[in-house]
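Report on the following structure.
The values are calculated or read from the model by the stated rules, or taken from the named source; none is laboratory data. Values in this document were obtained by computation on a predicted structure and should not be read as measured data. Cβ: placed from backbone, ideal geometry, glycine included. Neighbour counts: every protein chain shown. Side chains included, ligands, DNA and RNA excluded: accessible areas come from the protein's heavy atoms. Shrake-Rupley method; radii C 1.70, N 1.55, O 1.52, S 1.80 Å.
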Amino acid sequence: PLAYKYDAPILLTESGSLNKMAKEEIARLGAKDVIILGGTSAVSNYVKFQLEGMGIDVERIAGDNRFDTAANIAARLGGSPDKAIVANGMNFPDALAIAPYAAQKGYPILLTEADEIPSATSNALKGIDGSIIVGGETAVNGKLDTKLHAEDRYAGDNRFGTAADIATNLNPSARVYVSTGMNFADALSGSVLAAKQNAAMLLVKPTMLPKETAEAIKDMESYDFNVLGGENAVSKEIVDELKK
């Protein structure tokens, strides 16, 4: 949502130094400002100094842990959202599946543990009327619903089903971004583009189209597919199946 607000791409880097391809893309874009997400264990100060050496103004949004960082990003997003998204903070397919929808709505994405709400998340929910929980009760225990001011929950039997439920109910679209559900770098960097194009996000296995994903495609009558990642992430066989 924050990247969408600033019409900014999400670029990935190694922790200890600025990735060469990310550096080249920043230069190509002529970027003047960069926001680093996460503390120095996620993205080191050396990366910050490299960016500043390129003549770029750098801001870091971080916290003591991932829950704090998410809450601080939500605060930086600002506005007066009437809802927040709450997802499990220890695994990220659910948060990424709903990211395009959250971005368009200006809803912050907050993180929780499965059975306990971190204090930073509770604090960030103050002043927000309700929340949308993503993921089943293994991801976010139903006992937390009241404390999270939950109004809706979107979930499936697995990560593919949850992504399908989100797409068909919140963001049905003929245009779909498809990424592997086993590793999340591609879905993360592609989520802003999906939001910009009002597209749904669905997940697949590297060599198999899950039945939940196939059913969502059928329900939404989708025909415009954008596959994120190389053939190791999403195989040619899946691409061929999407073309049918």
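Laid out as a table, the results:
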quantity	calculated
Candidate set: segment 58-89, residues that are touching a strand residue (DSSP E or B) at 6+ places or on another chain (Cβ under 9 Å), surrounded by 15 or more Cβ atoms within 10 Å (Cβ to Cβ) and of a type in the set (Gly, Ala, Ser); chosen: the one nearest to Val34 (Cα to Cα)	Ala62
Tally of residues being part of a loop (DSSP other than H, G, I, E, B) and either open to solvent by 80 Å² or more (accessible area, probe 1.4 Å) or under 30 Å from Gly127 (Cβ atoms) (or both) across segment 43-57	1
Those residues of segment 161-175 which are free of Cβ contacts under 8 Å to residues at least 60 places away in the same chain and either in contact with a Gly (Cβ under 7 Å, 6 or more places away or on another chain) or assigned to a strand (DSSP E or B) (or both), in sequence order	Ala164, Asp165, Arg175
Scope segment 14-42; condition in a strand (DSSP E or B), open to solvent by less than 60 Å² (accessible area, probe 1.4 Å) and under 16 Å from Thr69 (Cα atoms); matching residues	Ile36
Complete set of residues in segment 72-92 that are over 15 Å from Ala150 (Cβ atoms) and among the small types (Gly, Ala, Ser)	Ala74, Ala75, Gly78, Gly79, Ser80, Gly89
Conditions (1) at pLDDT below 95; (2) farther than 19 Å from Gly190 by Cβ: number failed by Ala75	(1)
